[in-house]
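To start, the structure under review is shown below, and the notes come after it.
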Amino acid sequence: MNRRKQQYDAMVKELATRARQSTPIARMRIVVDSIWESLHALGVSWVGFYIDRPDHRDDQRLVLGPCRDKPACSPIGLHGVCGKALTSRRPQIVEDVRELGSNYIACDPRDRSELVIPLIDAADCCWGVLDVDSWEPQAFDEHDALGMERVLRAGGVIAAA
């Protein structure tokens with residue numbers, strides 16, 4: 001965990017200047033690239049954004065945004081972990097996705113754990129989620145959730161606390 005904390009600190013420092021001067025989609029791309037480059041070697045198997053489309057049916061609400069390192073399912077519904085993070089507006093840490101049963105949307109059957117952070121803007125609107133996966137069970141904890149929130153704030157993707 002200490003290595004990841006150091007990586008979050010480094011990403012926050014880098015993103016504080018790099019991501020502020022671009023469009024929202026470009027900021028998401030910069031953040032995804034930073035997370036991937038910093039954490040892939042530490043067990044992250046996929047990272048990406050899902051953007052909410054509240055005017056669509058619940059089973060089509062979340063559409064894939066910038067992601068690394070391969071495409072993923074899109075659109076996805078609100079019944080999965082991403083939907084739960086969006087509707088509850090709370091980070092979701094899943095130690096073993098196999099325990100979710102039908103509530104797990106398996107884009108990569110090798111994934112074993114997941115961290116999902118809701119994206120809340122300055123108007124207090126939850127407009128999407130950041131989804132981070134690992135092939136290892138129990139790869140994420142509260143420290144990772146807090147670290148990812150710091151990274152998202154520094155990258156200008158979510159509002160300051």
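Each reported figure results from applying straightforward, stated rules to the coordinates on display, with no laboratory input. Keep in mind it's a predicted model, so treat the numbers as computed, not measured. No Cβ is skipped: glycine too gets one built from the backbone with ideal geometry, and neighbour counts run over all protein chains shown.
Just a few scattered comments:
- Verdict on Leu152 being under 13 Å from the mean Cα position of the chain (by Cα) and farther than 17 Å from Pro24 by Cα: no
- Pairs where the first residue, in region 50-64, is touching a residue at least 60 places away in the same chain (Cβ under 8 Å) and under 15 Å from Cys126 (Cβ atoms) and the second is hydroxyl-bearing (Ser, Thr, Tyr) and in a loop (DSSP other than H, G, I, E, B), C-beta under 9 Å, 6+ apart: Tyr50/Ser74; Leu62/Ser74
- Considering region 105-123, and only residues there that are among the charged types (D, E, K, R) and closer than 16 Å to His40 by Cα, the residue that is surrounded by the fewest Cβ atoms within 10 Å (Cβ to Cβ) turns out to be Arg110.
Yes/no per residue for (1) within 22 Å of Asp33 (Cα to Cα); (2) touching a strand residue (DSSP E or B) at 6+ places or on another chain (Cβ under 8 Å); (3) touching a residue at least 24 places away in the same chain (Cβ under 8 Å); (4) surrounded by fewer than 19 Cβ atoms within 10 Å (Cβ to Cβ):
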| residue | (1), (2), (3), (4) |
| --- | --- |
| Asp96 | no, yes, yes, yes |
| Asn103 | no, no, yes, yes |
| Cys125 | no, no, no, yes |
| Asp131 | yes, yes, yes, no |
| Asp144 | yes, yes, yes, no |
| Gly147 | yes, no, yes, no |
| Leu152 | yes, yes, yes, no |
| Gly155 | yes, no, yes, no |
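- Of the residues making up region 43-63, those that are of a type in the set (A, V, I, L, M, F, W, C) and either more than 12 Å from the chain's Cα centre (by Cα) or within 15 Å of Ala85 (Cα to Cα) (or both) are Phe49, Ile51, Leu62, Val63.
- Sole exception among (1) touching a Leu at 6+ places or on another chain (Cβ under 8 Å); (2) acidic (Asp, Glu); (3) surrounded by fewer than 17 Cβ atoms within 10 Å (Cβ to Cβ) for Asp52, by number: (3)
- Qualifying residue in region 120-139 (condition: out of contact with any Gly (no Cβ under 8 Å at 6 or more places or on another chain) and of a type in the set (S, T, N, Q)): yes
- Test: residue in region 93-105 that is polar (S, T, N, Q) and over 19 Å from Asp144 (Cβ atoms): yes
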